[in-house]
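The values are calculated or read from the model by the stated rules, or taken from the named source; none is laboratory data. As the structure is a prediction and not an experimental result, all values here were calculated from the model. Here the Cβ positions follow ideal geometry from the backbone for every residue, glycine too, while neighbour counts run over all protein chains shown.
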Amino acid sequence: MVNHPLFVYVHAKGFIFLQQTEKEVDVLPSNKILEQKKEVVKELSEKVKAAQSFILADYRGLTVEQDTEMRNALRAAGVEYKVVKNTLTGLAMKENGYDGLDSYLNGPTAMAMSSTDVVAPAKILSEYAKKYEKLELKVGVVEGKIINVDGIKALSELPSREVLIAKVLGGFNAPITGFANVLNANLKGLVVALNAIAEQKANA
């Protein structure tokens, strides 16, 4: 049997004894729980800040086998994937200036992010969204800019960072660091191209 706190209220005609119910006790968050939530928001906020790109998706309806297959593919590509709580994710997003993502934070939400490969999260999730229709892409962020589903699909069609570097190095003789710097500069302008592609598809 659970003993709940007993509160005494002083009334003009005497004392009133009220015992807090189990439901009321559960509603009041403890300091420990609040601290844990703050840590989750802080950790997620740091990951979002460091990510070159991340994609939010609704994984509802995927079987355990399908989810495991997708997670393994993401892990092999160096992409971090985790199921997130919408409220805490919203706080982490706002800390990074992504106030416009609130409307996408409803229902089950998973996040795929990478701090090294701007294309991989979109490429892998798009492949599995085609393979398993239950996986629904919500929204993405690339180099600090929000992109819609068409933008995610356009991004997924680009070669990975490694492939781009290999192609460049295969055709020219130059220091690797020089090409890496050029590639990074081109990636920063990627959002402009993605937005243009998305607009063309929307107007088609």
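Taking the stated definitions as given, is residue 137 within 30 Å of residue 65 (Cα to Cα), part of a helix (DSSP H, G or I) and modelled with pLDDT of 90 or more? So residue 137 fails the test. Here 81, 128, 132 are screened, and the one residue that is at pLDDT 95 or above and surrounded by fewer than 20 Cβ atoms within 10 Å (Cβ to Cβ) is 132.
The criterion of being under 17 Å from residue 140 (Cβ atoms), modelled with pLDDT of 95 or more and surrounded by 11 or more Cβ atoms within 10 Å (Cβ to Cβ) holds for residue 57.
When residue 72 is tested against the conditions (1) at pLDDT 95 or above; (2) surrounded by fewer than 15 Cβ atoms within 10 Å (Cβ to Cβ); (3) closer than 26 Å to residue 34 by Cα, the lone failure is (3). Only a single item in (1) closer than 21 Å to residue 157 by Cβ; (2) of a type outside the set (Asp, Glu); (3) modelled with pLDDT of 95 or more is not met by residue 119, and it is number (3).
Let's see how each residue does on (1) in a helix (DSSP H, G or I); (2) free of Cβ contacts under 8 Å to residues at least 40 places away in the same chain; (3) within 11 Å of the chain's Cα centre (by Cα):
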site: 60; (1), (2), (3): no, no, no
site: 66; (1), (2), (3): yes, no, no
site: 70; (1), (2), (3): yes, no, no
site: 78; (1), (2), (3): no, no, no
site: 81; (1), (2), (3): no, yes, yes
site: 88; (1), (2), (3): yes, no, no
site: 91; (1), (2), (3): yes, no, no
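Each residue in the stretch 50-84 was checked for being farther than 24 Å from residue 100 by Cα and of a type in the set (Asp, Glu), and 3 of them qualify.
Of all positions in the stretch 89-99, at least one carries a residue that is out of contact with any Asp or Glu (no Cβ under 7 Å at 6 or more places or on another chain), buried (at least 19 other Cβ atoms within 10 Å of the Cβ) and within 25 Å of residue 68 (Cβ to Cβ).
Specify the residue that is nearest to residue 49 (Cα to Cα); the eligible residues are those in the stretch 93-134 that are aromatic (Phe, Trp, Tyr) and assigned to a helix (DSSP H, G or I). Ranking the qualifying residues of the stretch 93-134, first place goes to 104.
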